[in-house]
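Q: Submitted below is the structure of interest, expressed as structure tokens.
The values are calculated or read from the model by the stated rules, or taken from the named source; none is laboratory data. Remember, predicted model here, so these are calculated numbers, not experimental data. Neighbour counts run over all protein chains shown; Cβ positions are idealised from the backbone, glycine included. With ligands, DNA and RNA removed, areas are computed over all heavy atoms of the protein, side chains included. Shrake-Rupley method; radii C 1.70, N 1.55, O 1.52, S 1.80 Å.
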Amino acid sequence: MFLNTLTPKFYVALTGTSSLISGLILIFEWWYFRKYGTSFIEQVSVSHLRPLLGGVDSSSPSNPNTSNGEADSNRQSVSECKVWRNPLNLFRGAEYNRYTWVTGREPLTYYDMNLSAQDHQTFFTCDSDHLRPADAIMQKAWRERNPQARISAAHEALELEDCATAYILLAEEEATTIMEAERLFKQALKAGEGCYRRSQQLQHHGTQYEAQHRRDTNVLVYIKRRLAMCSRKLGRTREAVKMMRDLMKEFPLLSMFNIHENLLESLLELQNYADVQAVLAKYDDISLPKSATICYTAALLKARAVSDKFSPEAASRRGLSTAEMNAVEAIHRAVEFNPHVPKYLLEMKSLILPPEHILKRGDSEAIAYAFFHLQHWKRVEGALNLLHCTWEGTFRMIPYPLEKGHLFYPYPICTETADRELLPMFHEVSVYPKKELPFFILFTAGLCSFTAMLALLTHQFPELMGVFAKAFLSTLFAPLNFIMEKVESILPSSLWHQLTRI
């Protein structure tokens, strides 16, 4: 009787409401997936519902005695997800701020700038700064979040004495041109060399003096490296190369700044490929951490030997020569290390200003590499054509799913989250491997489409859809009716009468 009294308007309202609710769920699920890279429903199910139902968390190891291989792999994954200082980072006042003035967009994220503040406190401060008034002021300045407050503190420190770190801050953040930044860095160099010589004589007199000398060494290396970068940006590339070589010779153990990557870029600008190969021979070693600059520069040098005469049609007919095979293998090696770079080199994705920190093998490192090295690939005739023809072949050699790599460790799964923190919101982060849409997004999309179609058909053909609905419900309840009839035929009528009364 209830089913017979339902009107077509009820079915229109029912299907329309279902379509609306499933559509809202679909929109929310899609937004959450685009922002966080996972399904909200799946995350809630795994995080909250599964423990309540007595499920076992798959992330916790079932066997406490894990193998050494798994432990090594986990350690490698953690190290590969470490965020590194970008060796080619731009000047905040002369480059990043000018971009903000022109476009109104912030090229740096708060997370990135916070990491820089931590770096500055590590490199430019020590426990004995309170003994010197200017250093005490700068110690507070590096912790200050407001840029204007940092600049005011630097000026205040310079009123007391020539302070190298104060000049560094002004060169990085207040100078609006590279020439002005270079002038301030030269003043910082003069003050920094004096502090370095004094602390060098006293470094063995105690732990306090040793910490001061370590800080003064970091300051001096930073100043000289930035002066070399100023020379490179102002077109004095040979001077920049000499400064970098002298710096690496004077402080060979300070590899944290990755000065060799600055040197590689300057040598490529001079088209001094023999010296580039010599630097690669020293730093492209199995015991040293790799980078996109190392891998892709090695690929560029091997591609340069064959790219001007390479033709995919001719190669398919006669096969690859030994030199071409070496070039293709070098490209495959580079793409496996960082699969995001080719799309920027081939201009399939637009470039943005590189961040101050990068994640190796991530999108941030790809942007930083392509931003400075795209011109070098364009200069080598046919190099981009060879890259275009061969880079996608890398993925056929990598096992799927990524339980192990081919030439390197498996691609870390943490890169997307870190890159979203490092890169600005207006940039679409490149993700590898490309994630498939979660089941619940597909399910809600299908449910929304199906219920919307039912609502439209019910509105257009109410009587016909009413007949279909009643037939569907009758078919759905037919097994239940059959069971009820069998129960009535088996049980005595008096017992059934008593049960219905209960």
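Q: Cut-off 20 Å, label point 7 angstrom out along Cα-to-Cβ of H130: give me the residues of the range 140-167 whose amide nitrogen falls inside.
A: Output list for this probe position: 140-144, 157.
Q: Given H placed 1.01 Å from N in the peptide plane, which residues other than close sequence neighbours of H357 have an amide H under 5 Å from its amide H?
A: Placed amide hydrogens put N86 under 5 Å from H357.
Q: For the cross-link pairs K302/K360; K82/K190; K186/K302, which exceed 27 Å when the distance is taken from alpha carbon to alpha carbon? Kindly include the intermediate steps, with their values, before the conclusion.
A: Working: K302/K360 23 Å; K82/K190 34 Å; K186/K302 39 Å.
Exceeds cut-off: K82/K190; K186/K302.
Q: Rank by packing, highest mean first: peptides 178-189, 359-370, 447-458, with packing defined as the count of other Cβ atoms within 10 Å averaged across residues.
A: Top to bottom by mean Cβ count within 10 Å: 359-370, 178-189, 447-458.
Q: Give me the number: length gained by fully extending N481 to R183, i.e. 0.36 nm times residue separation minus the C-alpha to C-alpha distance, one decimal in nm.
A: Separation in residues times 0.36 nm, less the Cα-Cα distance, equals 98.1 nm.
Q: Moving to a separate point now. Report the calculated FRET efficiency for L20 and A117 (r = Cβ-Cβ distance, R0 = 60 Å), to the nearest 0.05.
A: That gives a FRET efficiency of 0.80.
Q: Let me ask another. Within the range 87-126, find all residues whose amide N lies under 18 Å from a label point positioned 7 Å from the Cα of R198 along Cα-to-beta-carbon.
A: Only 124-126 pass the distance filter.
Q: Which whole-Hz couplings ³J(HN,Hα) result when phi for each residue of the range 15-27 is put into the Karplus expression 6.51 cos²θ - 1.76 cosθ + 1.60, θ = phi - 60°, listed in order with x for Gly and Pro?
A: Couplings: 5, x, 5, 4, 5, 5, 5, 5, x, 5, 5, 4, 4 Hz.
Q: Could I ask something else about it? First measure r as the distance between the Cβ atoms of F28 and Q375, then evaluate 1/(1 + (r/R0)^6) with R0 = 45 Å and state the FRET efficiency to the nearest 0.05. All intermediate terms of the calculation are to be shown ahead of the outcome.
A: On the way: r = 43 Å, r/R0 = 0.97.
Calculated value: 0.55.
Q: Jot down the radius of gyration and Dmax of the range 108-187, Cα atoms only, both in angstrom.
A: Radius of gyration, then largest Cα-Cα span, for the range 108-187: 12.2, 34 Å.
Q: Could you tell me the relative contact order of the range 91-257? Use alpha-carbon pairs under 8 Å, at least six residues apart, and round to a whole percent.
A: Here the relative contact order equals 20 percent.
Q: Of all accessible surface on the range 91-257 at a 1.4 Å probe, what whole percent is carbon and sulfur?
A: Carbon and sulfur: 51 percent of the exposed surface of the range 91-257.
Q: Just to check I understand the Karplus step: with θ = phi - 60° and J = 6.51 cos²θ - 1.76 cosθ + 1.60, what whole-Hz values come out for the range 344-350, glycine and proline as x?
A: Rounded to whole hertz, the list is 7, 5, 8, 6, 7, 10, 7.
Q: When ligands, DNA and RNA are left out and all protein chains stay put, how many square angstrom of accessible area per residue does the range 89-199 have with a 1.4 Å probe?
A: Here the per-residue accessible area is 50 Å².
Q: Let me ask something additional. Past 23 Å, Cα to Cα: identify those pairs from K343/K378; K282/K378; K309/K349; K9/K470, in the order given.
A: Beyond 23 Å: K282/K378; K309/K349.
Q: Could you work out how much longer the chain between V102 and R317 gets when fully extended? Use 0.36 nm per residue separation minus the Cα distance between them, nm to one decimal.
A: 72.2 nm
Q: Quote to one decimal, in nm, the extra length available between L253 and M348 on full extension: 0.36 nm per residue of separation minus the C-alpha distance between them.
A: Separation in residues times 0.36 nm, less the Cα-Cα distance, equals 30.3 nm.
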